[in-house]
Structure formats: structure tokens, C-alpha cells
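These notes concern the structure reproduced below.
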Amino acid sequence: MNRNLLEDVNLATRAWGVEVTRVEVRDIEPSPDIVKAMELQMSAERQKRATVLDSEASAIQSINDANAKATSLRAQAEAEKDAVVLAAEATARKMDIEAGGLARALTAVAEGDASGRSLMLPGNPE
């Protein structure tokens, strides 16, 4: 600003043989209308920044909520999967135990028939 002012002053004074080497603006007192306009502009800028920040905070909150819900759903699905796997393993173990018992019983019956002895089972009237 000082440089532009210096150039303008030198253009005006050169015709008289005067050269100004330095110009300094120290105080500017704008009119009340300009001050009011500047204050309104600053207020509008502050309001704009606040609106943008609120919007960004809302977006971040929505993302965080969605991530929390997704994490919760994944944990619930994993727990349900583990429960199904445990139930299937328990059923398989039960079936193995029952099959083993049935195999031993059939072996005992077959051995009893082969030896000619009778086998007494519960509910058998002999």
C-alpha cells in the first residue's frame, strides 16, 4: 500500500522537480459505515465457520454411530456363529458316544449268540 501511494505521489510531484523517497501510512480512520460493514462481514464469516464446523461434527458423529453399529452387529454375528458351532460339536460328540454304546451292545449280543448263551436284557421275560 505504501509503495503504491509513493508512486502516485511521485507522479504528482515530479513536474515540480520534487521526488518523495518515503511515504508511511500510520492511522486510517474509516467511516462508521465502513466499520459497520466490516463488522458485519466478520460476523458472517464467523457464522459461516461455525455452520461448517457443526456440519462436519454431525457427519463425523454419523460415521462413528455407523461404525459402532457395524462393530456391534459383527460381534453379535460372531457370538451366534460360535454358539451354533458349539451346539453342533456337542451334538456330534453325543452321537459318537451313543454310537459307541450301541456298537458295544451289538457286539455283546453277537458274542452271546455265538457262544450259545442267552443274554438277559431288561424287559426280557426269560
Phi-based couplings in Hz for segment 77-90 (Karplus 6.51, -1.76, 1.60; Gly and Pro marked x): 5, 5, 5, 5, 4, 4, 5, 5, 5, 5, 5, 5, 5, 5
When the chain is modelled as a GNM with alpha-carbon springs shorter than 10 Å, which of GLY17, GLY100, GLY112 fluctuates the most? GLY17
Difference of contour (0.36 nm per residue) and Cα-Cα distance, ALA57 to VAL20: 7.8 nm
Compactness of the chain as Cα Rg over 2.2 N^0.38 Å, two decimals: 3.49
From the phi of every residue in segment 31-42, what ³J(HN,Hα) in whole Hz does the Karplus formula 6.51 cos²θ - 1.76 cosθ + 1.60 yield, where θ is phi - 60° and glycine or proline is x? 5, x, 5, 5, 4, 4, 4, 5, 5, 5, 5, 4
Summing Lys, Arg as +1 and Asp, Glu as -1, what charge do residues with Cβ under 14 Å from the Cβ of PRO30 carry, PRO30 excluded? -3
Lysines near LYS36 by alpha-carbon distance under 21 Å, same-chain residues fewer than 8 away left out - which ones? LYS48
Could you pull out every one of the aspartates and glutamates with an alpha carbon less than 15 Å from that of LYS81, ignoring same-chain neighbours closer than 8 positions? GLU89
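So, with +1 on the Cβ of K and R and -1 on the Cβ of D and E, and no other charges, what is the size of the charge dipole of the chain about its Cα centre, to the nearest 20 debye? Intermediate values should be presented prior to the final figure.
Numbers: 15 positive and 21 negative charges, 21 e Å.
So the dipole magnitude of the chain works out to roughly 100 debye.
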Sequence order, segment 47-55: Karplus ³J(HN,Hα) from phi using 6.51 cos²θ - 1.76 cosθ + 1.60, θ = phi - 60°, Hz rounded, Gly and Pro as x, gives 5, 4, 4, 5, 5, 4, 5, 4, 5
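Mind listing which GluC sites (Glu not before Pro) in segment 1-84 are in a DSSP loop and have 11 or fewer other Cβ atoms within 10 Å?
On the way: sites: GLU7, GLU19, GLU24, GLU39, GLU45, GLU56, GLU78, GLU80; in loops: GLU19, GLU24.
When the GluC sites (Glu not before Pro) of segment 1-84 are filtered for loop state and at most 11 Cβ neighbours within 10 Å, GLU19, GLU24 remain.
Would you mind getting the accessible area per residue of segment 1-94, heavy atoms of the protein chains only, 1.4 Å probe, in Å²? Working shown, then result.
Values: 8500 Å² over 94 residues.
Value returned for segment 1-94: 90 Å² of accessible area per residue.
Ignoring ligands, DNA and RNA, what percent of the 1.4 Å accessible area of the chain is carbon and sulfur? Write out the running numbers ahead of the final one.
Numbers: 6580 of 11270 Å².
Carbon and sulfur together cover 58 percent of it.
The values are calculated or read from the model by the stated rules, or taken from the named source; none is laboratory data. Bear in mind that the values here come from a model prediction, so they are computed numbers and not experimental data. With ideal geometry, Cβ positions are generated from the backbone for all residues, glycine too; neighbour counts draw on all protein chains shown. What goes into the accessible areas is simple: the full protein's heavy atoms, side chains included, and nothing from ligands, DNA or RNA. Shrake-Rupley method; radii C 1.70, N 1.55, O 1.52, S 1.80 Å.
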